[in-house]
Structure formats: C-alpha cells, structure tokens
Amino acid sequence: MKYLHLIWAELFRRKTRTVLTLLSILAAFLLFGLLNGVRESFAQAGKSAAGAQRLQTGSRLSFIQTLPLALNERIKQVDGVSTVTYANWFGGAYQDPRNQIFSFAVAPNYLDLYPEIEVSAAERAAFDSTRTGILVGETLMKRFGWKVGQRIPLQSTIFPNRDGTKNWSFDIVGTLRSKDKKSGGWYDSLVLMQWKYFDESTPYNRGEVGWYVVKVKDAGQADRVAKRIDALSANSANETKTMTEQAAFASWMKQTANIGLIVGSIMGAVFFTLLLLTGNTMAQAVRERIPELAILKTIGFSNGSVLGLVLTESVLLVLIGGALGLGLAAVIGPIVNVGSGGMINMPPVGLSSWALGLALMIGIGLLVGALPALRAMRLNIVDALSGR
C-alpha cells in the first residue's frame, strides 16, 4: 500500500486514455450485471410456488400444446382451489404483421382473478354481453388512436377465421387500466376477447384452452395445490405443469430460446473484447514508461517490486471500472423491472453477483497485466536507459 500513490499517478498519467478505458470496462460490467440478473431470474423461476396466490397450469409438453376444457371442472374440485379461469393465445397484429399485440381469448370470469386490472362496471357488462367485444389496454388505445365503440380489424398470426382467412373483426367495448404501473404496466398493452366467440369461429380450437389460471385459498399451500392439480392428468395424453405466472413466462422463453446460452455468449464476446482493449492499454502504458521503470530498478526496486507495481496498476484499472459498472447495474436493474411492467423481474445485484464480478475483475486485471509486467520485470537497465 505504500506505493499506492505511485501506482495511482502512473494510472492517470494519460488521463484521456485511462478515462476511455474505464468507460469501456464500466460498460462491460454494467452489461454483465444486467445479463447476470436476467440469467438468475430465469434460473430461479419455477423452483417453488410457495407464497403465490395465483398459479398457471399449462401443458407439460410445450406451451403451444392445448388442454381440454373438461379439465376446468376437475381443477375446481381440487382441495385448496378458490377460483379457476382459462385463456388462449390469439396472436393478433394490427394492419402490419410487425404490429404484434398481446391478445388473449379469455373465459367470462378471467378478470375476476386479476383485481390489478381496472375496468368500469359498464364496460365489463358490455364485454360480457357482446360476442365480438374486446377490452383494450389504454396504452394500445393511445398508440393506434382507437376509441370505445370502434370496430377494428385484427390479423391472427396463428388462427384462421371461419372463412379460412386470418382476418378478424372486433368491437372495442372498454379499456383496460393497470392499477400499479410498476408491476402490471404490461396490462395496458393487452387485448382480451371472448373465448366462446374465438372457439366457435376457428376450426383449429374446438373446446381446447391454452392454459388455466388458478387462484388458491391459501398462498402458503400453493406448492401442494400445484402438485394436486398436476396429479389430475398424470400419465395421460394431456399432462400438465402448474407453476407461478412468472415461472410460466420464464418457461415460455426457455422453450423459445436457450436464455443461458444466449446470455453466456454475449458476455463471452464482451469480455473477450475487453481483454483485447485493456491489454492494449496496459502494453502501451508500460512501453511509454520503460525509461522510468529502469530508473526505479536503478534506485533499488527489485524485479519482483516492478512486477507487482504493473500488475497492481492493471488490476486497479479493471476494479475501478468494474465496480462502477456493477454499481450502475444495481441502480438500473430495478428501473428495468419497473419499465417492463412486471414482465421482467430481475433480482437485485446481490453478494453472488458481486463475488463473481470481483473475481472476473481480478482475473482480467491479472491476465491483461501479465505480459507487460513480465516485460517490465525482465527489463535490462542499460538497454532501457540507452533507448534500445
């Protein structure tokens, strides 16, 4: 530590270069903190349903596999179940297939299980009595300039209508508003339609549902209730998997893509680039200071001391940028959770992330500083001072 002032002075000898390198390291570890949070959220999802008031039951085989409507009555009879509803994915788009909309065909009591969604009594009654009626999130209403009472066309990306096309028409009868924009903001971008109209209008459904939503009487018994529900269809052609809604979303994503592999590949590419950048910075810094390092040896610094100075400088450079990056990730993570409206629920940057991050910082620092430090240690005083 007695040489810390010397290391600090050498580190910021070229301030512009050091600051730019620190910003690169900061960006790399900011990305690491956020992506590691995404990876952990998917890894932890579904391990337990304990404490969940609302569960989701889908096909064990795949999220695109439907379940028989007859299962609805059987789930109602399960001890610990309070209410059951069901829904189907519609896969709607407006005007252009790129304008994808979260759209579900739902049972009449679907909104009873979602008190976090606000719908006026009159609009709820209109939805229940209008066969082609839909409820639209207020964000979508503003985005497309829709109004209650308007008839709009939607194109399903999956299901054809009775005329053989994928063109559907619906009447907007009400607006969906989320009570808590932080955790449920995504409801404002949702479209709900009548399941019965959907089921009768497409030849590809006929009494099938995409998933069930179950409200349990006691959240503390959620795991037990989930096992009882899955036992109903065990060893049948329609085996189910019951989990929390967050875990169900994670399961959908895992079946769509290998999240762990994607995150790992991105982080690997980022850190490989960081190694090249930081290694070049350290090599250039040591090359510029060869005469000074020779003087240090002349006045009594040993080869080991010079090696330690360069390695410490390298590690300190990465530690400063990395710590700032992880700290920024800890601040931005909750903002991302809020901005996603509850669809993303990254855990905070905890001790495990900091421990892994610090290990990476030290490892990268030692790795990029190794060659410049060895060069400095083997430096011949006469050759260095003579400019050779």
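At a glance:
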item: Residue with peak Gaussian network fluctuation, the chain [Cα springs, cutoff 10 Å], from Arg74, Arg228, Arg177; result: Arg74
item: Theoretical gain in end-to-end length, Arg287 to Glu138 [0.36 nm per residue, Cα-Cα removed]; result: 47.5 nm
item: Greater than 19 Å apart at Cα, pairs in Lys76/Lys215; Lys179/Lys217; Lys76/Lys241; result: Lys179/Lys217
item: Counted charge near Gly207, where neighbours are those whose Cβ lies closer than 15 Å (Asp, Glu -1; Lys, Arg +1); result: -1
item: Peptide ranges 232-242, 362-372 listed from the most packed, as the mean C-beta count within 10 angstrom indicates; result: 362-372, 232-242
item: Table column - 3J(HN,Hα) (Hz), segment 91-98, Karplus curve with 6.51, -1.76, 1.60, x for Gly and Pro; result: x, x, 9, 10, 6, 10, x, 6
item: Projected label distance in nm at Arg17 and Leu366, using a 7 Å step from Cα toward the beta-carbon; result: 2.6 nm
item: Amide hydrogen neighbours beyond the local backbone of Ser103, cut-off 5 Å, H modeled; result: Phe90, Gly91, Gly92, Val191
item: Inter-label distance for Ala121 and Ser352, nm, one decimal - labels placed 7 Å from Cα along Cα-to-Cβ; result: 4.8 nm
item: Estimated dipole of the chain in Debye, rounded to 20 [Cβ of Lys and Arg +1, of Asp and Glu -1, Cα centre]; result: 880 debye
item: For segment 123-129, Karplus couplings with θ = phi - 60° (6.51, -1.76, 1.60), whole Hz, Gly/Pro x; result: 6, 5, 5, 5, 5, 5, 9
item: Helix axis angle, 222-231 relative to the chain longest principal axis, alpha carbon, degrees; result: 60 degrees
item: Length-normalised contact order of the chain in % [C-alpha pairs under 8 Å, at least 6 apart]; result: 28 percent
item: Area projected by the alpha carbon convex hull of segment 194-240, averaged over all directions, nm²; result: 4.4 nm²
item: Accessible area of the chain divided out per residue, in Å², using a probe of 1.4 angstrom; result: 49 Å²
item: Net charge contributed by nearby residues that have their C-beta within less than 10 Å of Ala285 (K/R +1, D/E -1); result: +2
item: Formal net charge of residues neighbouring Leu69 (Cβ-Cβ distance under 10 Å; K, R +1; D, E -1); result: -2
item: Arg98 paired with Lys227, simple spin-label distance in nm, labels 7 Å along Cα-to-beta-carbon; result: 5.0 nm
item: [x] 0.99; [y] 1.21; [z] 1.18, with the label sought being that of the calculated Rg/Rh (Cα atoms, Kirkwood Rh); result: [z]
item: With every protein chain in place, segment 72-228: carbon and sulfur % of accessible area (1.4 Å); result: 49 percent
item: Estimated 222 nm signal from helices in the chain, with DSSP H stretches of n ≥ 4 weighted -39500 (n - 2.57), rounded to 500; result: -17000 deg cm²/dmol
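The values are calculated or read from the model by the stated rules, or taken from the named source; none is laboratory data. Keep in mind it's a predicted model, so treat the numbers as computed, not measured. Quick reminder, even Gly has a Cβ in these numbers, built from the backbone with ideal geometry, and neighbours come from all protein chains shown. These accessible areas exclude ligands, DNA and RNA; they are computed on the full protein's heavy atoms, side chains included. Shrake-Rupley method; radii C 1.70, N 1.55, O 1.52, S 1.80 Å.
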